[in-house]
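Below is one structure; the comments refer to it alone.
Just so you know, all these numbers are worked out from the coordinates, no wet-lab data involved. Since we're looking at a predicted model, the values are computed, not measured. A quick note on method: Cβ atoms are made from the backbone with ideal geometry, for glycine too, and the neighbour counts reach across all protein chains shown.
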Amino acid sequence: MTDTTEYTPPKVWTWEKPNGGQFANVNRPTAGSREKKELPIGRHPIQLYSMGTPNGVKVTIMLEELLALGHIGAEYDAWLIRISKGDQFGSGFVKINPNSKIPALLDRSKSPPIPIFESGSILLYLAEKFDAFLPKDIATRTETMNWLFWQMGSAPYLGGGFGHFYAYAPFKMEYPIDRFAMETKRQLDVLDQRLAENEYLAGKEYTIADIAVFPWYGALVKGWLYGASEFLSVHEYVNVQRWADRILERPAVKRGRIVNRTWGEPSEQLLERHDSSDFDNKSL
């Protein structure tokens, strides 16, 4: 259905009612907590409050990769934040992340504990804390940061732009879907050209850049996002497909992908993670 009704913006915009869509019950133009609700605290140094969306998956993959390298200080409790129910507006969560978005992390190995929010910031914090997945060579490190920041700046067009209007808006609108589909395909082409000449985004090394980009664009080309693989002709991006398949071979990625997931087959969901044994009997 194409929306052909022209909209004239008011002189001053005001929020009078929810605007429809899947998240209409939680979206408001104001910040801050909406209820007093403390967060649970587990036994591990790192406490993660998240959900298995692409931004949340970045962090669980990173933590599982660190544990696979033997960094016992990366042991973590992953608590589920149900964003459709507004858990992110509880007072405890807002204290860690004033922006009320997942993921949020609390490093309790420090005194006082350090709160970290924004997925890119969390990846960089963990990479520096454990000296892993962030090259020391200045050129490769800079390339890693280039692609990390590319992802942080680009994904809103994919998720909040294309994903919203294609999958979550109350009805289909031609202009925004065309606009954001064009930008999403341009971004896939950027990645495809980069990966035509490089094994990973920063070159030969697997880094936090790959960990950041994979849950969005890897998931998109594998058909896991928005039911849009045919619409976007993702099969065209053969180098992104190759890269995504290579990353999917990593056991830590397989584990990280299912943490805090609330959809799909039960064997592919791990609502909360508090011990490595929680993965037993899961499809990995």
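Between ASP137 and HIS235, what FRET efficiency follows from the Cβ-Cβ distance if R0 is 30 Å, with the result rounded to 0.05? Mind showing how you got there, number by number?
Values: r = 35 Å, r/R0 = 1.16.
In this case the efficiency is close to 0.30.
Taking the mean number of other Cβ atoms within 10 Å as a proxy for protection, how do you rank 55-68, 235-248 from highest to lowest?
Numbers: 55-68: 24.2, 235-248: 17.3.
Going by the mean number of other Cβ atoms within 10 Å, highest first, we get 55-68, 235-248.
Given a cut-off of 26 Å, what percent of all Cα-Cα pairs of the chain lie beyond it?
Working: 18513 of 40186 pairs.
Within the chain, distances greater than 26 Å cover 46 percent of Cα pairs.
Take peptides 34-40, 45-51 and line them up by average Cβ neighbours within 10 Å, highest first, as a rough protection proxy.
45-51, 34-40
Out of TYR168, TYR206, PHE231, whose Cα points farthest toward the positive end of the dipole of the range 138-249 (charges: +1 Lys, Arg; -1 Asp, Glu; placed on Cβ)?
Of the candidates, TYR168 comes out farthest on the positive side.
Shape of the range 74-161 from its Cα gyration tensor (a ≥ b ≥ c, root eigenvalues): rounded if a/c is under 1.5, otherwise prolate when a/b > b/c, or oblate? Walk me through the numbers before you get to the answer.
Values: a/c = 2.70, a/b = 1.29, b/c = 2.09.
Cα axes put the range 74-161 in the oblate bin.
If the only charges are +1 at each Lys and Arg Cβ and -1 at each Asp and Glu Cβ, what is the size of the charge dipole of the chain around the Cα centre, to the nearest 20 debye? Numbers along the way, then the final one.
Values: 33 positive and 35 negative charges, 165 e Å.
Its charge dipole is roughly 800 debye.
Read phi for every residue in the range 149-159 and hand back ³J(HN,Hα) as whole Hz from Karplus 6.51 cos²θ - 1.76 cosθ + 1.60, θ = phi - 60°, with x for Gly and Pro.
My calculation for the range 149-159 gives 6, 4, 5, 4, x, 8, 4, x, 6, 6, x Hz in order.
Using the Cα centre of the range 138-249 as the reference point, and only Cβ charges (+1 on K/R, -1 on D/E), how large is the resulting charge dipole? Debye, rounded to the nearest 20.
Details: 10 positive and 14 negative charges, 39 e Å.
Result for the range 138-249 is approximately 180 debye, rounded to the nearest 20.
Per residue, what volume in Å³ does the convex hull of the Cα atoms of the range 135-284 enclose?
Numbers: hull volume 18.6 nm³, N = 150.
Convex hull of Cα atoms, per residue: 124 Å³.
At 222 nm, what helix-only mean residue ellipticity would the chain give, in deg cm²/dmol to the nearest 500, using -39500 (n - 2.57) for each DSSP H run of four or more?
Numbers: 8 runs with 101 residues, N = 284.
Mean residue ellipticity, 222 nm, calculated: -11000 deg cm²/dmol.
When only DSSP loop residues count, what trypsin sites (Lys or Arg not before Pro) in the range 150-222 have their Cβ near at most 15 other Cβ atoms within 10 Å? If you can, show how the numbers build up before the last one.
On the way: sites: LYS172, ARG179, LYS185, ARG186, ARG194, LYS204, LYS222; in loops: LYS172, LYS204, LYS222.
Here the trypsin sites (Lys or Arg not before Pro) that fit, given the DSSP loop and packing criteria, are LYS172, LYS204.
Which of the lysines could a cross-linker bridge to LYS58, judged by Cα under 23 Å and excluding same-chain residues fewer than eight apart?
Within reach: LYS85, LYS95, LYS101, LYS110, LYS129, LYS136, LYS185, LYS204, LYS222, LYS254, LYS282.
Take every Cα pair under 8 Å in the range 138-249 that's 6+ residues apart, average their separations, divide by the length, and report that relative contact order as a whole percent. Spell out each step's value before the answer.
Working: 99 pairs, mean separation 32.7, N = 112.
Dividing the mean separation by the residue count of the range 138-249 yields 29 percent.
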